[in-house]
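The values are calculated or read from the model by the stated rules, or taken from the named source; none is laboratory data. As the structure is a prediction and not an experimental result, all values here were calculated from the model. Note that we place each Cβ from the backbone using ideal geometry, even for glycine, and neighbour counts take in every protein chain shown.
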Amino acid sequence: MFEGLTYKNPDFFYLLLVIIPMAVWYIFRHKRNTASIQVSSTASIFKAPKTLKHYSRHLVFLFQMLAIAFFIVVLARPQSSSNWENVTTEGIDIVIALDISSSMLARDFSPNRLEAAKDVAMKFISGRKHDRMGLVIFAGEAFTQCPLTTDRAVLLNMFKSIVVGMFEDGTAIGNGLATAVNRIKDSDAISRVIILLTDGENNRGEIAPLTAAEIAKTFGIRVYTVGVGTIGTAPYPISTPYGIQMQNMEVKIDEEVLQQISAITGGQYFRATNNAALEEIYKEIDALEKSKIEVKEFSRKSEEFMPFAIAGCLALAISLLFRITIFRSIP
């Protein structure tokens, strides 16, 4: 029953030493506390048979000591390591690098590209319960919005706060990817992944996209690239003297560079032309990364103090019962 027990607080076993002086005191007290009567001869007394009560008079003290011993074991917190479970662990760190340039306001997605990308990414994040995730945003420059974290609430709030115009406009794909690599390169996770989402061509920044891809490859980081935008033209909101008006503009996504980035790093390139397609892409990435889960067997410790606590209470109850019944003192 108690095979493989370990103790969280084994130092409490030193308290068992207190039983020794208690036993010495008990023996000394019983030798001194002896009754005496005056009789003409003790011969008949010595010949008198000893009753069961005579031999069992020490049971009160014995059960008290047992109760103390059991309660000390409870304090030491016995734990069992015999419960083995098969548990899946993903051990994956993921950084989402999101383009927030002004072109992400195009209405070929509902309500626009940026809000659609945020919505799908947030669903993706909510489904990855065992991973650390982070967020990098980029336009004319790149910025780490949230470092790797397991706090889903914080990360989701960061996503909700993203808007176009947070910094200078443009599309610095290389800088965005390099910033994401910098956030994840020192991770010791089993798998490290970047999801890079953009709707344009690299036109800003000091780092070329393929240079950033080579850096990612050096650190063993896979990059999934996602091109967001319909085929042909898409309606863009344009400010005019008469307010915001829609104007169809050509969709220009540098698919060749995005494909090269994913090929260099061992990832994949996807093209999303609408909300449903974008959602399917994230589902596919989710499935690809879950295929890298390793099954590990581990021992879960469970608390085993309850039998000792029950035994201690039972021993204490028996000692009290004997004291107030069979071995009750005469006042």
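Residues checked against (1) in the same structural domain as S103 (by TED's automatic domain parsing); (2) surrounded by 17 or more Cβ atoms within 10 Å (Cβ to Cβ); (3) among the hydroxyl-bearing types (S, T, Y); (4) under 38 Å from the mean Cα position of the chain (by Cα):
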{"site": "P237", "(1), (2), (3), (4)": "yes, no, no, no"}
{"site": "N248", "(1), (2), (3), (4)": "yes, no, no, no"}
{"site": "K252", "(1), (2), (3), (4)": "yes, no, no, no"}
{"site": "E255", "(1), (2), (3), (4)": "yes, no, no, yes"}
{"site": "S262", "(1), (2), (3), (4)": "yes, yes, yes, yes"}
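Of the residues making up region 88-119, those that are out of contact with any His (no Cβ under 7 Å at 6 or more places or on another chain), of a type in the set (V, I, T) and not in a loop (DSSP other than H, G, I, E, B) are T88, I92, I94, V95, I96.
Let me confirm something: among T218, T233, which residue is on the phi < 0 side of the Ramachandran plot, touching an Asp or Glu at 6+ places or on another chain (Cβ under 7 Å) and of a type in the set (S, T, Y)? Working first, answer last.
Details: T218 fails: touching an Asp or Glu at 6+ places or on another chain (Cβ under 7 Å).
None of the other options fit; the residue is T233.
Listed by first and then second residue, the pairs linking a residue in region 269-290 that is buried (at least 17 other Cβ atoms within 10 Å of the Cβ) to a residue that is among the polar types (S, T, N, Q) and assigned to a loop (DSSP other than H, G, I, E, B), with Cβ atoms under 6 Å apart and 6 or more places separating them unless they lie on different chains, are T273/T230; N275/S110.
Kindly establish whether K160 is more than 17 Å from I100 (Cβ to Cβ) and out of contact with any strand residue (DSSP E or B) (no Cβ under 6 Å at 6 or more places or on another chain). Answer is no for this residue.
Residue by residue, here is whether (1) in the same structural domain as F308 (by TED's automatic domain parsing); (2) outside any loop (DSSP other than H, G, I, E, B); (3) at pLDDT 75 or above holds:
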site	(1), (2), (3)
S40	no, no, no
I45	no, yes, no
F61	yes, yes, yes
L66	yes, yes, yes
V74	yes, yes, yes
Q79	yes, yes, yes
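Of the strands (runs of 3 or more DSSP E) lying entirely inside region 120-207, those containing at least 1 residues that are among the hydroxyl-bearing types (S, T, Y), assigned by TED's automatic domain parsing to the domain that holds A97 and under 21 Å from F219 (Cα atoms) span 142-149, 191-198.
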